[in-house]
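Step one of this worksheet: look at the structure below.
The values are calculated or read from the model by the stated rules, or taken from the named source; none is laboratory data. Bear in mind that the values here come from a model prediction, so they are computed numbers and not experimental data. Note that we place each Cβ from the backbone using ideal geometry, even for glycine, and neighbour counts take in every protein chain shown.
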Amino acid sequence: MEKTKVQAYFSLSNNDDDFPLDEVTKRLNIQPSRTAKVGEPLPLNSARHYFYTTWEYGLGYKETLDVDEVLMPVIEKFESKVNDILLLKKDYNLVAKFYIVIEIHNRCSPGLAIYTRASKLATEIGADFDIDLYAYPFNELDEV
């Protein structure tokens with residue numbers, strides 16, 4: 001039986017132009033969990049291509065009912081990088097975002113709160129929060 005899981009990640013991207021992903025990695029001194037360049041094929045559909053370049057850091061999905069449990073490790077990773085992020089945004093016309101992706105299974109939805117520490121960092125670097133919810137159908141046969 002699938003359980004509810006959550007992931008959070010930070011992204012620097014540019015929808016208009018390409019930028020040097022290695023330079024972002026070097027200046028932040030953080031290994032990304034995923035990168036994509038404009039024009040590269042999408043992983044699940046090689047007939048389609050990325051229309052943007054992105055640098056992302058996250059820890060993947062975790063079974064949890066507490067979004068803060070996966071968001072805070074990402075926030076902590078970037079709290080000391082405010083000036084670096086602001087310079088990268090300026091140098092390469094980047095957009096910063098924190099993504100929260102929630103997969104709800106068996107009617108178990110997690111608590112979602114964005115506390116001051118996370119909103120403070122987002123404000124300092126001019127980042128938005130993008131929250132995606134995927135609620136999967138409940139199957140009465142799976143009921144415990």
Could we say that GLN7 is polar (S, T, N, Q) and in a loop (DSSP other than H, G, I, E, B) here? no
Would you mind finding the one in LYS81, LYS90 that is within 17 Å of the chain's Cα centre (by Cα) and at pLDDT 95 or above? LYS81
In the stretch 14-43, how many are of a type in the set (S, T, N, Q) and either in a loop (DSSP other than H, G, I, E, B) or loosely packed, with under 12 Cβ neighbours inside 10 Å (or both)? 4
SER46 fails exactly one of the following numbered conditions: (1) free of Cβ contacts under 8 Å to residues at least 40 places away in the same chain; (2) out of contact with any Phe, Trp or Tyr (no Cβ under 9 Å at 6 or more places or on another chain); (3) part of a helix (DSSP H, G or I). What is the number of that condition? (3)
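Rundown of residues vs (1) outside any helix (DSSP H, G or I); (2) surrounded by 14 or more Cβ atoms within 10 Å (Cβ to Cβ); (3) among the basic types (Lys, Arg), yes/no style:
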| position | (1), (2), (3) |
| --- | --- |
| GLY60 | yes, no, no |
| LEU86 | no, yes, no |
| ALA96 | yes, yes, no |
| ILE104 | yes, yes, no |
| ALA118 | no, yes, no |
| ASP132 | yes, no, no |
